[in-house]
Amino acid sequence: MKRSRLGSLDVTSFGLGSAPLGGLFTPVSDADAEATIASAWSLGIRFFDTAPLYGFGLAERCLGAFLRQQPRDSYAISTKVGRLLRAPDGAAAEDEHYKGTSRERPVFDFSYDGVMRSVEESLARLGLDRVDVLLVHDPDDHYDDAVAGAFRALQRLRGDGTVKAIGAGMNQSDMLVRFAEAVPVDCFLLAGRYTLLDQGALDALFPVCAAKNIGILLGGIYNSGILANPHTGAKFNYQDADAALVARALTLDELCRKHGTELKAAALQFCMAHPAVTVAVTGARNAAEIADNIAMSEMAVPAAFWQELRGRKLVDARAPLPAGA
């Protein structure tokens, strides 16, 4: 598998995201979770992304159970800070997004001390002695606390060699631009803001990252599912997609079928063609899904498809297309 540089790290250009393994929208059995991670490993994936939020600790535990059986220097793993998992005083209602979880629920904490506790607790769930990448997770309403507290802690951990790379993981690009200007980061995980349906990262984030040599871990490539299976009721940005988005996705799907290819293949290859993208991070809830993602990244997408996509102005004119398009 192709490899890329992420700061001082050598990583595979394809990574496994673990939100689905935490029961995103649908519970995942232990057997399916283990088979998914094992399949990713067998296919050559050596970059794994997780977070306390994903299944409220479940994804970290699943990943750790597999990865601690592998040579520690043979893979890279990222996790996130900004949420501590705590059991509520009363009964825990079922979460809107994560199913089949424990009673613990995330509590925002972007303080220096909170981040240090978060790292210790993540390592305990993972059963590992270190992670390679730490990201401040979803600080949308906590910019000042993130800069003064969370990033100060991350810079200390990077400075003493505890982690190799630091950054932030968000579903928006505007605040990531602010972080790039304010903090010496190595990478960002950007979810859903550079896809066939949304190229907002082209405006400011990608140029800033290119100028500062900040790597992009790109998640949400299927925009929560609508670019994997467009239909009424499909998810976009973790919510039900509106009719206009469904119509756009269906148009893209029809264009793919016209040219004898798959929408998932076009979605993946479009994202991976941008030079700012260091790792394409895709989630999966079973072994078949991760194998399918790899296959889609390698499927032939005719040059005529990309040319028609551009000619019909279905993507931003500034977006680079795959080689040969």
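Brief remarks on what is shown
- Test: residue in the range 52-62 that is in contact with a His (Cβ under 9 Å, 6 or more places away or on another chain) and at pLDDT 95 or above: yes
- Answer residue from the range 63-98, given it is at pLDDT below 95 and among the charged types (D, E, K, R) and is farthest from the chain's Cα centre (by Cα) among those: 89
- Unique match (being buried (at least 19 other Cβ atoms within 10 Å of the Cβ), in a helix (DSSP H, G or I) and not small (Gly, Ala, Ser)) among 21, 53, 16: 21
Let's see how each residue does on (1) part of a helix (DSSP H, G or I); (2) open to solvent by less than 70 Å² (accessible area, probe 1.4 Å); (3) among the acidic types (Asp, Glu):
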| position | (1), (2), (3) |
| --- | --- |
| 201 | yes, yes, no |
| 207 | yes, yes, no |
| 210 | yes, no, no |
| 217 | no, yes, no |
| 221 | no, yes, no |
| 224 | yes, yes, no |
| 228 | no, yes, no |
| 233 | no, yes, no |
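- Pick from the range 235-273, criterion open to solvent by less than 30 Å² (accessible area, probe 1.4 Å) and in contact with a strand residue (DSSP E or B) (Cβ under 8 Å, 6 or more places away or on another chain), ranking: farthest from residue 199 (Cα to Cα): 241
- Scan of the range 69-105 for residues that are part of a loop (DSSP other than H, G, I, E, B), closer than 22 Å to residue 217 by Cβ and out of contact with any strand residue (DSSP E or B) (no Cβ under 7 Å at 6 or more places or on another chain), ordered by number: 70
- Flag for residue 295 being surrounded by fewer than 18 Cβ atoms within 10 Å (Cβ to Cβ), outside any loop (DSSP other than H, G, I, E, B) and among the hydrophobic types (A, V, I, L, M, F, W, C): yes
- Among the residues making up the range 150-198, those that are of a type in the set (S, T, N, Q), under 22 Å from residue 19 (Cα atoms) and free of Cβ contacts under 8 Å to residues at least 40 places away in the same chain are 172, 173.
- Residue 59 vs. criteria under 15 Å from the mean Cα position of the chain (by Cα), buried (at least 19 other Cβ atoms within 10 Å of the Cβ), among the small types (Gly, Ala, Ser) and assigned to a helix (DSSP H, G or I): yes
The values are calculated or read from the model by the stated rules, or taken from the named source; none is laboratory data. Since this is a predicted model, take the numbers as computed values, not measurements. FYI the Cβ positions are ideal-geometry reconstructions off the backbone, even for glycines, and counts take in every protein chain you see. Protein only, heavy atoms only, side chains kept; ligands, DNA and RNA dropped before computing areas. Shrake-Rupley method; radii C 1.70, N 1.55, O 1.52, S 1.80 Å.
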